[in-house]
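First the structure, which I've put down as structure tokens, then a few questions once you've had a look.
Where a number appears in this text, it was derived from the coordinates with a stated rule and is not lab data. Computed from a predicted model, the values in this text were never measured in an experiment.
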């Protein structure tokens with residue numbers, strides 16, 4: 001896939017060899033966007049679990065010159081209302097030096113093509129309400145804010 005600046009991106013499903021990089025991305029993203037310090041070992045176990053069990057999620061990675069420079073995770077939600085799958089984009093990360101160069105746009109384009117191929121009804125994501133930069137990116141790519149709010153009960157154990 002061609003990037004906006006004329007640099008080739010290779011986009012594919014993450015492999016077990018990408019686990020350490022994806023885990024480091026997640027730790028960096030949590031600190032940067034939410035001020036949270038995650039345990040790298042725990043995150044590595046979580047990424048590894050998803051790599052071995054697609055029902056937990058699957059990763060899309062983007063490489064430039066063989067180096068992983070961005071990733072996201074896809075999870076599935078079944079809609080009984082529509083009798084179709086929704087995909088959730090989660091854990092988006094692009095290395096700081098590659099931001100603003102079309103990396104996420106390329107990943108999102110790949111995800112949309114995959115969704116069409118796999119008969120997915122909708123692509124959704126949630127974003128921290130203070131992360132205005134990410135919101136602008138998502139809107140620029142044709143996503144729109146919905147009428148839903150998110151609630152949770154955290155850390156039940």
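Would you mind giving the average projected area, over all directions, of the Cα convex hull of segment 10-140 in nm² with one decimal?
8.4 nm²
Okay, next question. Where does the chain land at 222 nm, in deg cm²/dmol rounded to the nearest 500, when only DSSP H runs of n ≥ 4 count, each adding -39500 (n - 2.57), divided by all residues?
Counting only the DSSP helices, I get -10500 deg cm²/dmol.
Let me ask you something else. Take the alpha carbon atoms of segment 34-48, find their center, do the same for segment 59-79, and report the distance between the two centers in whole angstrom.
Measuring centre to centre over Cα atoms gives 17 Å.
Say we join alpha carbon atoms closer than 10 Å with springs in a Gaussian network model of the chain; which of 142, 46, 70 then has the biggest fluctuation?
Highest fluctuation of the listed residues: 142.
Say we join alpha carbon atoms closer than 10 Å with springs in a Gaussian network model of the chain; which of 13, 69, 89 then has the biggest fluctuation?
13
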